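The values are calculated or read from the model by the stated rules, or taken from the named source; none is laboratory data. If you're wondering where the values come from, they're calculated on a predicted model, not measured in any experiment. Glycine gets a Cβ as well: all are built from the backbone with ideal geometry, and neighbour counts include every protein chain shown.
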Amino acid sequence: MRQIRFILLLAVCIVPIAGAVNWIPQPSDLALVEELRLVEAIEAAQKSVEKSPGEATAWGQLGHVYLIHGWEAEAAQCYRRAVAIDPTEFRWLYLLGRSSCEVNPEEAVDVLAQAISLDSEYTPALVYHAYALRSLGRFEEAKQCLERAKELDPQNPFAELWLGELALTAKRFEAARDHLHQALILNPEQSEAHAAMAQVALALGEVEVANRHAEIARKPTTHAQMRDPLWWEVLKAGVTTPLFVERGIRYLQEDNFERAVAEFAALISDTQKDPEIWLNYGVALLFAERYSKAIAALESALAILHSDESRKHKNVAEIAHLKVESYYNLGLIYYRTGRTEKAAVACQRAIELEPDFANAYGSLGMVYWEEGRLDEAIVQYKKAIEIIPTDLEFHQDLARIYWQKKMYEKAVREYQIVMTRNSSNVEARYRVGLVFLGTGRYDEALSSFQKVLEINPNHVLAHGALGITYDKLGRRQEAISEFQTVLRLDPKNQNARSMLGQLRGSK
């Protein structure tokens, strides 16, 4: 009976001020809302509309509250009112289009076209326009929108994915593979991209590749969000637990670790029994370098995951995944705090639970590297690369270990993989140049060092190496100029001073 009275009380308190019922959109299930924070947010937004019905921002804020909590149709009604009041304001047109994509794609197509006419370079508008067009079967137009979005923002995580899916639908399997490959470079663990790649590989007769992608696709997806400042405004209106979590994750992706901690901390209490919240809180604390609290949070996550309590919140697969993530992040903390033995144990535990978890192999390789166990580190990095060959950090770390072991040709191979996908990687270009220089391939060394200096004109070591290369090529004056540059950037550099003395003495 107490719960019934509470629901009835909420039903009363969310009804707006008298007279508002007829003209303020009301979700039909509003009376069933039980979270007090959400009730208060809805009531405040509705009262703002009652107070200022002619202000687009009041309608927009109510639209934000509705949209972020899953009431797309009612949000669209609010954004329509905002558009009617201020028809040339891009954000209301964009948010009306985005809120209509699922419930009314025809309207979304028209409204987003209007938004794009006001701002043709806001990439998310193009992406969602493509989504709505695709829903209506207008694939060629959708493709054009996505290609424009990709042109404006080559790092957009969805343009390549959806281009790949469109190509797959059209049975253009080679094109689909190319787009999805790029999507996986941007988001190596995005399940949707792996699922599509599995279909492509199967269509191309690559059964082993298809199975590998299908296996990864079964895991919970991990991917970067599209950069969308207007959606971030909407997300800030969220007051339910999943939205605190989403904001916390986004702050983590933006390296705003203290803000991430604050979002998750709002959900933490002695009664919190969701292990995923404890895990995310621990990860935020880890990256905020609050290590002792991070260990405590991750141990709380594991304690719940190993108890019967976890089954109330998660299924078996989710529990297994959260255990893996908890051990993996504990391994990172132990590594950062110099406890490499404990770090290795935690990483090994993660691998035992999930043998295809590439990051755990990478972390174990990092631990072995720290301990000077270079051959064992190489084995772990190779396993990580076998699972996710597109992860450049694995290739770069493996290259560094080869370099440390003076296995320069193998290091060059790894660095060249890095450069094919990240042409501005200075370390890779510089070290490849050194190998060319050491093996007498002076023209190639010259090209490498010059490209380094195009990226970073003040790279002292590259100027010095370029000076040596010019000397080897008999271009003495240019060599002198490079060593003079070294001394300008680093007046105490004795090697450059010695080389200048030799070059000037050889006149």
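Here are the numbers:
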| item | result |
| --- | --- |
| Some residue of the stretch 386-400 being among the aliphatic types (A, V, I, L, M) and farther than 16 Å from Pro188 by Cα | yes |
| Test: Ala73 is over 19 Å from Pro229 (Cα atoms) and modelled with pLDDT under 95 | yes |
| Leu10 vs. criteria assigned to a helix (DSSP H, G or I), touching a helix residue (DSSP H, G or I) at 6+ places or on another chain (Cβ under 6 Å) and at pLDDT below 95 | yes |
| Failed item, numbered, when Lys406 is tested on (1) assigned to a helix (DSSP H, G or I); (2) on the phi > 0 side of the Ramachandran plot | (1) |
| Members of the stretch 315-342 that are under 27 Å from Ser191 (Cβ atoms), surrounded by fewer than 20 Cβ atoms within 10 Å (Cβ to Cβ) and among the small types (Gly, Ala, Ser) | Ala317, Ala320 |
| Whichever residue in the stretch 384-424 is of a type in the set (S, T, N, Q) and over 20 Å from Tyr361 (Cα atoms) and, among such residues, is nearest to the chain's Cα centre (by Cα) | Asn422 |
| Elements of type helices (runs of 4 or more DSSP H) in the stretch 108-172, at least 3 residues being within 19 Å of Arg227 (Cα to Cα) and outside the structural domain of Asp86 (by TED's automatic domain parsing) | 159-169 |
